[in-house]
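The values are calculated or read from the model by the stated rules, or taken from the named source; none is laboratory data. Keep in mind that this is a model prediction, so the values were computed, not measured. Cβ: placed from backbone, ideal geometry, glycine included. Neighbour counts: every protein chain shown.
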């Protein structure tokens, strides 16, 4: 009878350890990604590579737009640009295309 009570407890402990390991790996990957993005931004700045002007776009929105462009999700990038600036569809599409070409 005692052995039957240990099995669910052991399974629970294993699941808890698995969850802790997986969540730790995800936060580690997020930190690594942020570090790589900062380094890439420094290299781009050092090389003098410039995309289209991004005045008036909050840095968080610009970072998300860039991630969408890098992930080949241009429609989402256009939508985010329009939300951030209030510009029309054609202007947003042209801006995203110019920004993508500058990478």
Q) Within segment 74-103, restricting attention to residues that are part of a loop (DSSP other than H, G, I, E, B) and either within 15 Å of residue 56 (Cβ to Cβ) or touching a helix residue (DSSP H, G or I) at 6+ places or on another chain (Cβ under 8 Å) (or both), which residue is modelled with the lowest pLDDT? A) 103
Q | Number of the exception - residue 25 against (1) under 18 Å from residue 99 (Cα atoms); (2) modelled with pLDDT under 85 | A | (1)
Q) Has segment 46-67 got any residue that is within 16 Å of the chain's Cα centre (by Cα), modelled with pLDDT of 75 or more, surrounded by 10 or more Cβ atoms within 10 Å (Cβ to Cβ) and in a loop (DSSP other than H, G, I, E, B)? A) yes
